[in-house]
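Note sheet for the following structure.
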Amino acid sequence: MTDEAKGAVEAPEDKVVATADEIIGSAAFEDKIAEAIGAAMAKHMPKPAEQPSDQLFAPAAQRAKPELRNLLGATITAIYHGRNDPERAIKYAKARWGDGNPIQDHLQKALTSATTGGAVEMVQTTVAAEVIEALRPASVVRSSGAQIVPNPTGTLQIPRIATGAGVSWVGEASASNATQQVFDSVTLTRKKAMIKIPVTKELVLFASPDSEQAIADDVVAAMAAGTDSAYIRGAAGGNNPEGIRTQVATAQRSDSAGNTAANVETDIGTLLEAVRGSNVPLTPETGHFWMSSRSFTFLEKLRDANGNLIYPELRMDSPRIMRYAVHISNNIPNNIALSGQSPTGDESEVYFGRGPSLLIADAADMSLEVLENVAYTNSSGSIESGVDLDTLLVKAMLLTDIALRHDSAWAVLESVQWGNGT
């Protein structure tokens, strides 16, 4: 028994000895119990992961799941330093970030499963999945709750009921006619989306977590912008996916009433009724608006005759109209000139619909390549020399397509001139 415990039990000769209840209830006894519990827990609790300032990753046994920048940017860095040789890339990753780091593990796994041993196999496995996940918040369409379905064969047909069963009311001992269901299908055919990003060798040679993040951000931003543009307004019959604008039923397209507050209220009501009136099940979580930044800013500032904001919920962290989420996409242009409708070239569009009714078919074979000393076509259409400019080329390819589960699940408001100054 410790001296403190003795002190808690033994009382001076001129005092009455404390009872057991008094000892248990004393502060000294509680402190001792707390210390004993803490010591026992410390023996079994894992030590916190060290985060050395000069390392990108903590030890393998302690690390958390790597972020996108670590997986994509750092993998590209390791591949370049390894001169596209898998073994050298693994050695570089081990030397730079320590034994057992996520990049080393990723490269080793890719190496053992690859057939040709090139950079494509090393990068495309896990990185592709990580890029797809990062696209979700970056892409307006994907972040609206679109359903992602695999399309490994290239063409995917999903059966659907075009016309459902009917109900008959009959009298006693009377016959009723059967109702025939009519089936059709939604077809998704993979289309190739490709991005090419030149990266200076200095950026890779002296890569830090920030520069690796820049590489990953470029890939994600380019893929999100390119696919969103096609998902929303892609023309039918081309190499790109056919966009939602042309997939919706003709009855789901309407013209804007104008720019006044009353006109805007009418327009929003038209969109809502087009979808809800088609028996599309909507909840605050599944309904989504898409609009250009100009249209959003106009609504955000719109006031009534008394100076009150009409849509104050647009100023919230998660903007909403009539309970439904609002997304800004600059892939919805403000310079549309519709044929036969006041072709001023300053019109836009607003979309509304049910997010889960969007079907995106991603093929499993998305790939990323790191190419050195290659010629490529720049954004202006001119040929650039990777040798002359001392750049690498990061090339990403995504095979994807989009379709509506039902063509009445979304509606498009056309000829929108909100915020054009008129």
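The values are calculated or read from the model by the stated rules, or taken from the named source; none is laboratory data. Remember, it's a predicted structure, so these values are computed and weren't measured experimentally. Heads up, the Cβs are rebuilt from the backbone with ideal geometry, glycines too, and the neighbour counts pull from every protein chain shown.
Look at (1) in contact with a Gly (Cβ under 9 Å, 6 or more places away or on another chain); (2) modelled with pLDDT under 80 and you find that LYS191 fails only one, number (2).
Only one of the numbered conditions (1) assigned to a helix (DSSP H, G or I); (2) touching a helix residue (DSSP H, G or I) at 6+ places or on another chain (Cβ under 9 Å) is not met by ASN331, and that is (1).
Kindly evaluate ALA162 against the criterion of being at pLDDT below 70, assigned to a strand (DSSP E or B) and in contact with a strand residue (DSSP E or B) (Cβ under 7 Å, 6 or more places away or on another chain). So ALA162 passes the test. Out of the range 119-158, which residues are crowded, with 17+ Cβ neighbours inside 10 Å and modelled with pLDDT of 80 or more? Listed by number, the residues that qualify are SER139, VAL140, VAL141, ARG142, SER143, SER144, GLY145, ALA146, ASN151, LEU156. Of all residues in the range 347-366, those that are farther than 24 Å from ALA251 by Cβ and either modelled with pLDDT of 95 or more or buried (at least 19 other Cβ atoms within 10 Å of the Cβ) (or both) total 5. Looking only at residues in the range 240-267 that are charged (D, E, K, R) and under 25 Å from SER143 (Cβ atoms), the one that is surrounded by the fewest Cβ atoms within 10 Å (Cβ to Cβ) is ARG253.
Restricting attention to the range 212-239, the residues that are surrounded by fewer than 21 Cβ atoms within 10 Å (Cβ to Cβ) and of a type outside the set (Asp, Glu) add up to 12. The numbered conditions (1) outside any helix (DSSP H, G or I); (2) closer than 24 Å to GLY243 by Cα; (3) modelled with pLDDT under 75; (4) not hydrophobic (A, V, I, L, M, F, W, C) are all true for THR116 except (2). Within the range 187-208, track down each residue that is within 20 Å of the chain's Cα centre (by Cα) and buried (at least 17 other Cβ atoms within 10 Å of the Cβ). Residues satisfying the conditions are ARG190, LYS191, ALA193, ILE195.
Out of the residues in the range 272-284 that are in a helix (DSSP H, G or I) and in contact (Cβ under 8 Å) with a residue 40 or more places away in the chain, state the one that is nearest to ARG354 (Cα to Cα). Top of the filtered list is VAL275. In the range 228-238 there is no residue matching the filter, namely being within 19 Å of GLY355 (Cβ to Cβ), of a type in the set (Lys, Arg) and out of contact with any helix residue (DSSP H, G or I) (no Cβ under 6 Å at 6 or more places or on another chain). With respect to ALA175, determine if the residue is among the small types (Gly, Ala, Ser), within 30 Å of LEU72 (Cα to Cα) and either surrounded by 11 or more Cβ atoms within 10 Å (Cβ to Cβ) or at pLDDT 75 or above (or both). No.
For beta carbons closer than 8 Å, sequence separation of 6+ or different chains, a first residue in the range 98-117 that is farther than 16 Å from GLY73 by Cβ and a second that is of a type in the set (Asp, Glu) and modelled with pLDDT of 75 or more, the qualifying pairs are LEU111/GLU87.
With respect to being part of a helix (DSSP H, G or I), on the phi < 0 side of the Ramachandran plot and touching a residue at least 24 places away in the same chain (Cβ under 8 Å), VAL199 falls outside the description. Among the residues of the range 285-314 satisfying the criterion of being in a helix (DSSP H, G or I), closer than 30 Å to GLY226 by Cβ and charged (D, E, K, R), which is farthest from the chain's Cα centre (by Cα)? Top of the filtered list is GLU300.
From the list ASN330, ASN306, ASN279, ASN334, the one residue that fits, being surrounded by fewer than 18 Cβ atoms within 10 Å (Cβ to Cβ), under 19 Å from VAL141 (Cα atoms) and either at pLDDT below 95 or not hydroxyl-bearing (Ser, Thr, Tyr) (or both), is ASN330.
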